[in-house]
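K.L.:
Sharing a structure below in structure tokens format, with a few things to ask.
The values are calculated or read from the model by the stated rules, or taken from the named source; none is laboratory data. This is a predicted model, so every value here is computed, not measured. Every residue, glycine among them, receives a Cβ derived from its backbone with ideal geometry; neighbour counts consider all protein chains shown. To get the accessible areas, we keep the full protein, side chains included, count just its heavy atoms, and leave off ligands, DNA and RNA. Shrake-Rupley method; radii C 1.70, N 1.55, O 1.52, S 1.80 Å.
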Amino acid sequence: MKKKYIAVILGTYLSYSLTGNIISNAQEIITDKSNIQKENTMIINEKIPQNMTKITKHPLTKEKVLVNTSIKNLNIADKNATEKTKKLLSYLKNVTKQNKFIFGQQNDVINSVKPNMFISSASEELKNSHNSTEEIQSVHNNLDSYFAHSNSKDLTGSITGMFGIDGLSLTGDETHLSNPEEALKKSINVSLKAAKEGALITLSCHMPNFSSENIQKLPNGKYDFTKCTYMDSCDFSGSIQDIMPNGKYHSEFTAYLDIIADYALALQKQDIPVLFRPFHENSGSWFWWGGEHLTPQESIDLFRYTADYLKNKGVHNFIYVYSPNGPVTNEQEYMLRYPGDDYVDILAFDQYIFYQKDNSSYNKEVFHSFQKSCENLNKIAKKHNKVAGIAETGAGITYPETNSNAGGLLMSDNKIFGKNWFKQVGQVAIDNDIAYCLIWANFNPYNCFIPYKYNNEYGHELCNDFIDFYNWDKVIFANNTNFY
């Protein structure tokens, strides 16, 4: 029960809606007067915030990796996959033989932390516990400057080696666009930009419940999903049969898949493959497509139908990823909803690493569960001759007094400070032949998973750790993938 509850919170705080994240951080600021004093210093062009750290490290020049991309005897789920897509799967299978791994981030080059997010008016809004979620969201939207900026590139000179994008960008929510065509166009363009810089592309989907009133049918027969948010993924009404063939919401479902197909085909024209990760965390019950809301067979049927539909639309640049939530304890539980070897190319999992706020010491046991998941995944992937991946992870803080989790890193006093946490995660990946690791997004200073610069001299307390991590010869960022 405890594991399930934590996982529910996990799914909640990963939303762009900030329903839990900003509120929990605001409550924390209220209860800590010293934090209030620190926040009051965060005014642009006035002085450096007290919790910023001097940046003393510098990124080094990285050598491009040489990875075998031969497709001889390659087994891929889409038998009509493009040549470049096959080469990417081969690249992922062989990168671990170089004793290296690819480091990625969700929404890199879309969302990032910027100094103008520290303005005092926003801090004051966040400190008022009586503010509604809508008011807090409004403050966040006014602060956001989401497009074409990367915290990773600020620190290292390179975006991360894998760029994660979500269906919420394609439909407008995470790109803040109310025009469906413009939202899709910008999602395509930012993906092309990331690929041009060397990043591999991965697509996840927080699909709405297709009975949602936020879905609008247009006069031309198409559907507008721009009003759909993360919270529509947490609507449990209806049945899976409603969206399958002959179901009453089948046309809404296929209209959404058509948007995915349009995105994929635009990248396919540019010979850019995509790791497609639908129905992630389907072993949990916080999204409508998983856990108690679907039987294992229904989960399998849904994944297979989606893959078949996209292939029939001409999408042949997808590498299919199966990614239930961690911990990965045994093969039977992990494979319960597995669509089958003929439908999956990559076995992955989502698992975040939370540290107790009131624990004065760094607790190594928290990391141990994540490490065991990687070890177990490695065994399962080898048995099925599949690539292994860490599809989502990140470090965060658990607040025992409120039974809630912070949206990633704190602005200071992180338990992982000085522990080379990013390198620890990378070494676990390498030790277990895991090809890549994706860290979650940087939405704002209260909800982020990698450090950021405040200016050219100061930044988040983990900046120096992150630059050291980038300089590590075992990690691959976009500027040394050498794939395209």
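K.L.:
For the stretch 334-367, how many residues are outside any loop (DSSP other than H, G, I, E, B) and under 22 Å from the mean Cα position of the chain (by Cα)? Outline the logic, then answer.
P.N.:
Looking only at the stretch 334-367, we keep the residues that are outside any loop (DSSP other than H, G, I, E, B), and these are 334, 346-350, 353-356, 364-367.
If we keep only those that are under 22 Å from the mean Cα position of the chain (by Cα) too, we end up with 334, 346-350, 353-355, 366-367.
So the count comes out to 11.
K.L.:
Right, next: Restricting attention to the stretch 402-427, and to residues there that are buried (at least 22 other Cβ atoms within 10 Å of the Cβ) and among the small types (Gly, Ala, Ser), which single residue is nearest to Gln371 (Cα to Cα)?
P.N.:
Among residues in the stretch 402-427 that are buried (at least 22 other Cβ atoms within 10 Å of the Cβ) and among the small types (Gly, Ala, Ser), the one nearest to Gln371 (Cα to Cα) is Gly426.
K.L.:
Looking at (1) open to solvent by 10 Å² or more (accessible area, probe 1.4 Å); (2) touching a residue at least 60 places away in the same chain (Cβ under 8 Å); (3) under 18 Å from Ala195 (Cβ atoms), which is the one condition that is false for Glu83?
P.N.:
(2)
K.L.:
Anything in the stretch 377-397 that is in a loop (DSSP other than H, G, I, E, B) and either of a type in the set (S, T, N, Q) or in contact with a His (Cβ under 9 Å, 6 or more places away or on another chain) (or both)? List them, or say none.
P.N.:
Asn385
K.L.:
Here is a follow-up. Hey, among Asp224, Asp232, which residue is open to solvent by less than 50 Å² (accessible area, probe 1.4 Å), of a type outside the set (A, V, I, L, M, F, W, C) and under 21 Å from Trp286 (Cβ atoms)?
P.N.:
Result of the check over Asp224, Asp232: Asp232.
K.L.:
Applying the selection to the stretch 317-327, what residues are open to solvent by less than 10 Å² (accessible area, probe 1.4 Å) and part of a loop (DSSP other than H, G, I, E, B)?
P.N.:
Asn317, Ser323, Pro324, listed by residue number.
K.L.:
Taking the residues in the stretch 244-271 that are open to solvent by 10 Å² or more (accessible area, probe 1.4 Å) and β-branched (Val, Ile, Thr) as candidates, determine which candidate is farthest from Asp301 (Cα to Cα).
P.N.:
Restricting to residues being open to solvent by 10 Å² or more (accessible area, probe 1.4 Å) and β-branched (Val, Ile, Thr), the top hit is Ile259.
K.L.:
Being buried (at least 17 other Cβ atoms within 10 Å of the Cβ) and under 15 Å from Ala77 (Cα atoms): is that true of Phe279 here? Outline the logic, then answer.
P.N.:
Working: buried (at least 17 other Cβ atoms within 10 Å of the Cβ): yes; under 15 Å from Ala77 (Cα atoms): no.
No; evaluated as a whole, the condition is false for this residue.
K.L.:
May I ask you to verify whether Ser204 is touching a helix residue (DSSP H, G or I) at 6+ places or on another chain (Cβ under 8 Å), small (Gly, Ala, Ser) and within 18 Å of Asn107 (Cα to Cα)?
P.N.:
Numbers: touching a helix residue (DSSP H, G or I) at 6+ places or on another chain (Cβ under 8 Å): yes; small (Gly, Ala, Ser): yes; within 18 Å of Asn107 (Cα to Cα): yes.
When the stated conditions are applied, Ser204 passes them.
K.L.:
Any idea how many residues of the stretch 220-236 are under 15 Å from Gly290 (Cβ atoms) and in a loop (DSSP other than H, G, I, E, B)?
P.N.:
2
K.L.:
Could you list, ordered by first residue, the pairs with Cβ atoms under 8 Å in which the first is in the stretch 417-428 and over 18 Å from Phe477 (Cβ atoms) and touching a residue at least 12 places away in the same chain (Cβ under 8 Å) and the second is outside any helix (DSSP H, G or I) and of a type in the set (Asp, Glu), at least 6 apart or interchain?
P.N.:
Phe417/Glu461
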